[in-house]
Amino acid sequence: MHTRKEVMFKDDGGDELSAWLYLPDEGKAPRPAISMAHGFGATRWHGLNHFAELFAGAGFVVLLHDHRTFGLSTGQPRQDINPWAQIEGWRRAISYLEALPQVDPGRIGIWGSSFAGGHVLVLGATDSRVACVVAQVPTINGYQQGLRRVVPEGVAALEAGFSDDERGRAKGAPARRQMLASANPGDPAAYRTKEAADFYLQPLGDGAVWENSVTMQSSRWARMYEPGVWVSRIGPKPLLMVVASHDTVAVADLAFEAYERAHEPKKIVIIPGGHFDPYSTRFDIAGPAALAWFQQHLMP
C-alpha cells in the first residue's frame, strides 16, 4: 500500500514544478526512489500513474512530475518544450527526492518515456546521483526522426514558420502555437496519426490540466535534440531500454543502434506494437520489465 500527495518544488529558473509523490505505507526507511516524467507535450495524467503505482506498490518512493509550462507546473509561454530546461528541472526533482528522509540518496533511479526517454539518457550520463536508468520508447535523434516524419516538400514551409516565429518573438509578439495532435493528416499538428490523437486526446480524469497545443519553437527544439549521443557515457550505471518494434515516432531502428553503443550493464526489452502501446495494451510487458530492472539494481 502507498499514499499519494501533491507536492511542488522550484526549478533553476524559479518556476514551480508540480508532482505526485508516492510514499509506501510500510517498511523501513530510507528507501530506494524513482524519479519520473512524461514525454513531448504529455502530462502525468497521460497514463503514467499506472507505472508510478506499480513502483510504489513494490516499495519505492516515487516522484512523478510535470515539466515546466505543463499541467499544474508554472512557466511561460505555456506548453513550451525546451528539452534542456526540462532536464535542468529534472535535476531539481532529483534534489527534492534525495532530501526526503524516506529516501536513500544513493539509490535513486530515473524513468522516462518518449521525449523524456531521451532526457534520462542525458541525465544518466551527466548526473552522478542517478543510480539506474530506464528509457522507454526513447527519442534518440530528433533530426533523423524529423526527416522521416516531414515530407521533403514540407520542410521549407516548416522552416519558414520557425523563422517567422523567431522574428515575431524578437519584436515582442507571443510565441506562435500549433496543434499537438490530430487524426486528420491535413491539420498542421505536431502529430497527425490516429494512434497519437487517441493517446493525447484520451479522457484524462478529474483534476487534469492539459491543452492540445505546443509552441512552434517546441518543434524546432525537438528537431535539434539528439540525446542518443550520450548513451555510451551512461555505463557502468545499469540501463534498460524498452523499445516498441513498430515505433514510427521514436523510430525503433535508431533505438537499436543506440543500444549497441551503450555499455554494460544493459538490457533491451522489445514490445510488439507502436510508440503508444506501452502505456496501454503493452503495459503488462513495459511496467513489469521496468520494475524488475529497478528491483535488481536498487533493492538490497
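The values are calculated or read from the model by the stated rules, or taken from the named source; none is laboratory data. Everything quoted here is computed from the prediction, not taken from an experiment. A quick note on method: Cβ atoms are made from the backbone with ideal geometry, for glycine too, and the neighbour counts reach across all protein chains shown. Protein only, heavy atoms only, side chains kept; ligands, DNA and RNA dropped before computing areas. Shrake-Rupley method; radii C 1.70, N 1.55, O 1.52, S 1.80 Å.
Observations
- Distance from the stretch 37-72 to the stretch 123-193 (C-alpha centre basis), Å: 21 Å
- Here the label points at Ala173 and Leu147, each 7 Å from Cα along the C-beta direction, are separated by 3.1 nm in the simple model.
- 20 Å Cα-Cα reach of Lys267 towards lysines, excluding residues that sit fewer than 8 places from it in its own chain: Lys237
- Accessible area per residue in Å² at 1.4 Å probe, computed on the stretch 1-136: 31 Å²
- Note on Trp84 and Ser232: with the Förster distance fixed at 22 Å, the Cβ-Cβ geometry gives a FRET efficiency of about 0.65.
- Compactness of the stretch 35-119 is given as radius of gyration and Dmax, 12.6, 38 Å, from Cα positions.
- Global dimensions of the stretch 20-63 from alpha-carbon coordinates: Rg and Dmax equal 11.1, 37 Å.
- Computing FRET efficiency as 1/(1 + (r/R0)^6) for Asn49 and Ala183, where r is the C-beta to C-beta distance and R0 is 30 Å, gives about 0.75.
- Here the convex hull built on the C-alpha positions of the stretch 122-168 has a volume of 108 cubic angstrom per residue.
- Structure-based [θ]222 nm, the chain - -39500 (n - 2.57) summed over DSSP H runs of at least 4, per residue, nearest 500: -11000 deg cm²/dmol
- Carbon and sulfur %, accessible surface of the chain computed with the full protein complex present, 1.4 Å: 54 percent
- Answer label, with volume of the Cα convex hull per residue in Å³ calculated from the coordinates and candidates (i) 238; (ii) 167; (iii) 120: (iii)
- Three-way shape label, the stretch 39-84, alpha-carbon gyration tensor, a/c 1.5: prolate
- Average accessible area per residue (Å²) across the stretch 241-300 - probe 1.4 Å, nucleic acids and ligands excluded: 45 Å²
- Put a plus charge on the Cβ of each Lys and Arg, a minus charge on the Cβ of each Asp and Glu, and nothing anywhere else: the dipole of the chain about its Cα centre is then about 380 debye.
- With Cα atoms, 0 to 90° folded angle of helix 48-57 axis to the chain main axis: 10 degrees
- Sparse packing (at most 11 other Cβ atoms within 10 Å of the Cβ) combined with a DSSP loop state is found for the following GluC sites (Glu not before Pro) in the stretch 4-88: Glu26.
- Accessible solvent surface per residue of the stretch 167-209, calculated while the other protein chains remain in place, 1.4 angstrom probe, Å²: 63 Å²
- Assuming charge only on the beta carbon of Lys and Arg (+1) and of Asp and Glu (-1), the dipole of the stretch 90-241 about its Cα centre is about 360 debye to the nearest 20.
- Förster-model FRET efficiency, 30 Å R0, Phe162 and Phe256, C-beta, rounded to 0.05: 0.50
- Whether the stretch 153-300 is rounded, prolate or oblate, judged on the alpha carbon gyration tensor where a/c under 1.5 counts as rounded: prolate
- Three-way shape call for the stretch 235-300 based on the alpha-carbon gyration tensor, with the a/c threshold at 1.5: oblate
- Residues of the stretch 162-197 with amide N under 15 Å of the 7 Å Cα→Cβ point at Ala208: 180-182, 196-197
- Assuming charge only on the beta carbon of Lys and Arg (+1) and of Asp and Glu (-1), the dipole of the stretch 22-81 about its Cα centre is about 140 debye to the nearest 20.
- Long-range tail of P(r) for the stretch 103-207 (Cα pairs > 17 Å, %): 70 percent
- Acute angle (nearest 10 degrees) that the helix 283-298 long axis makes with the longest principal axis of the chain, alpha-carbon atoms: 50 degrees
- Ranking Ala42, Gly59, Gly75 by Cα position along the charge dipole of the chain, where only Lys, Arg, Asp and Glu carry charges on their C-beta atoms, puts Gly75 farthest toward the positive end.
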